[in-house]
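Everything on this sheet refers to the single structure shown next.
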Amino acid sequence: MNMRGVIEGFYGAPWSHEERLDLIRFCAQHDLNTWVHAPKDDPYHRAKWRDPYPEDELARIGELVSECNRGGVDFAYAIAPGLDLCYSHESEWEKLVAKIEQVRSVGVVHFQLLWDDVEHKLHCPEDEELYGQEERPTGAAQAPFSNRFAREIEQPGPLVVCPMAYAQTGDGPYRRCFAPRLDPGIVLYWTGPEVVSLAIHKDELDMSVHRYADHEHLLWDNFPVNDWAPEILHLGPLRGRDPNLAKGRLRGIIANAMVQCVPSKLALATVADWARDPFAYDPLASYERALREHGAEVLDALGEPAPGVDPPDDLAALCEILKLGVTASVGAALLRPFVS
């Protein structure tokens with residue numbers, strides 16, 4: 001996999017600066033080469049995308065970049081202007097460029113453009129005039145904007161874009177308007193057959209690539225993310241990922257972590273093992289290593305174990321129980337016998 005990494009892409013309170021630094025060091029430890037900065041509820045990423053970062057926030061981004069550079073990890077800054085962007089206004093483009101140049105000033109060289117989780121709505125009369133008659137006006141508007149971003153925002157490697165239709169494999173008006181207009185070198189995020197996919201197969205990847213006019217995909221894996229139910233933690237290993245995905249038009253895998261930073265490490269360590277060699281990946285062996293390396297700190301982060309929980313006898317049974325998530329206290333009770 002060319003790209004193997006973690007995205008802070010969940011809804012809810014963003015991680016602290018120290019948590020981010022810790023997870024970047026974790027990425028370096030596990031040969032994950034990409035860190036994507038995209039916290040949904042950081043206002044300067046999404047809701048206030050036009051506004052420059054305050055100096056203290058900008059300095060912290062610079063520290064994250066420096067930590068990434070020390071560990072051989074690419075820091076990618078993602079911007080998400082789709083909530084209220086007027087696609088055809090030159091002043092909007094200038095504000096976006098100014099924001100990009102601000103973060104570039106502290107060492108950022110990789111950039112991504114995210115259109116996910118916005119309404120199919122145009123925000124100014126000029127856009128209505130240009131795109132309002134299209135089958136899906138947002139798709140028709142986002143493609144040329146994405147192309148301009150790819151063409152004019154200098155960076156090493158291709159631009160990664162998250163389309164509005166980032167899951168499933170079917171045809172639809174957005175794909176029909178977006179894909180044919182999109183420059184062929186742009187890479188598209190995809191979450192699999194579902195927004196949160198329990199299993200992902202190569203034939204599903206192939207169909208999505210076909211629907212998107214043969215654009216290379218980057219798997220935005222919504223595992224172990226839990227922002228829709230943050231009280232439920234996904235503490236087990238990655239499962240259900242077809243190793244043959246590596247033979248398709250897939251640039252890599254970027255795992256969306258949990259709201260809880262340190263407990264994410266158990267799952268993310270197994271994602272790293274899968275990404276490094278999907279065909280050799282053994283979820284039980286990988287999880288055993290993750291417990292050995294990170295189990296103690298995860299237990300500390302989970303807090304007191306729930307009373308009356310009977311742990312399973314072996315690792316396979318533990319992984320089965322953890323498959324759909326548990327609360328922190330139940331997780332602490334289940335994991336404790338397996339952490340030395």
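The values are calculated or read from the model by the stated rules, or taken from the named source; none is laboratory data. This is a predicted model, so every value here is computed, not measured. Note: ideal-geometry Cβ built from the backbone for every residue, glycine included; neighbour counts use all protein chains shown.
A few remarks follow.
- Taking segment 133-159 as the range and being outside any helix (DSSP H, G or I), touching a residue at least 24 places away in the same chain (Cβ under 8 Å) and farther than 16 Å from Leu96 by Cα as the test, the residues that pass are Glu134, Glu135, Arg136, Pro156, Gly157, Pro158.
- Taking (1) assigned to a loop (DSSP other than H, G, I, E, B); (2) over 24 Å from Ala255 (Cα atoms) in turn, Leu58 satisfies each apart from (1).
- Of the residues making up segment 44-71, those that are within 23 Å of Leu32 (Cα to Cα) and surrounded by fewer than 18 Cβ atoms within 10 Å (Cβ to Cβ) are Arg60, Gly62, Glu63, Ser66, Asn69, Arg70, Gly71.
- Residue list for segment 88-105, filter: in a loop (DSSP other than H, G, I, E, B) and surrounded by fewer than 18 Cβ atoms within 10 Å (Cβ to Cβ): His89, Ser105
- In segment 273-295, residue farthest from Leu32 (Cα to Cα) [restricted to those that are touching a residue at least 12 places away in the same chain (Cβ under 8 Å) and among the small types (Gly, Ala, Ser)]: Gly295
- Segment 245-256 residues that are touching a residue at least 12 places away in the same chain (Cβ under 8 Å), paired with ones that are part of a helix (DSSP H, G or I) and surrounded by fewer than 21 Cβ atoms within 10 Å (Cβ to Cβ) (beta carbon under 8 Å, 6 or more apart): Leu245/Lys202; Lys247/Lys202; Gly248/Lys202; Gly248/Asp206; Gly248/Val209; Arg249/Asp206; Arg249/Val209
- In segment 109-117 there is no residue matching the filter, namely being of a type in the set (D, E, K, R), on the phi < 0 side of the Ramachandran plot and either surrounded by fewer than 19 Cβ atoms within 10 Å (Cβ to Cβ) or assigned to a helix (DSSP H, G or I) (or both).
- Given (1) farther than 30 Å from Ser286 by Cα; (2) buried (at least 18 other Cβ atoms within 10 Å of the Cβ); (3) not β-branched (Val, Ile, Thr), number of the condition Ala76 does not satisfy: (1)
- Flag for Asp116 being touching a Ser or Thr at 6+ places or on another chain (Cβ under 7 Å) and not polar (S, T, N, Q): no
- Selection status of Thr169, closer than 27 Å to Arg241 by Cα, modelled with pLDDT of 95 or more, hydroxyl-bearing (Ser, Thr, Tyr) and surrounded by fewer than 20 Cβ atoms within 10 Å (Cβ to Cβ): yes
- First in segment 306-331 and within 20 Å of Pro230 (Cβ to Cβ), second anywhere and modelled with pLDDT of 95 or more and basic (Lys, Arg), Cβ under 9 Å, 6 or more apart: Lys323/Arg239
- Taking segment 177-191 as the range and being in contact with a Pro (Cβ under 9 Å, 6 or more places away or on another chain) and part of a helix (DSSP H, G or I) as the test, the residues that pass are Cys177, Phe178, Ala179, Arg181.
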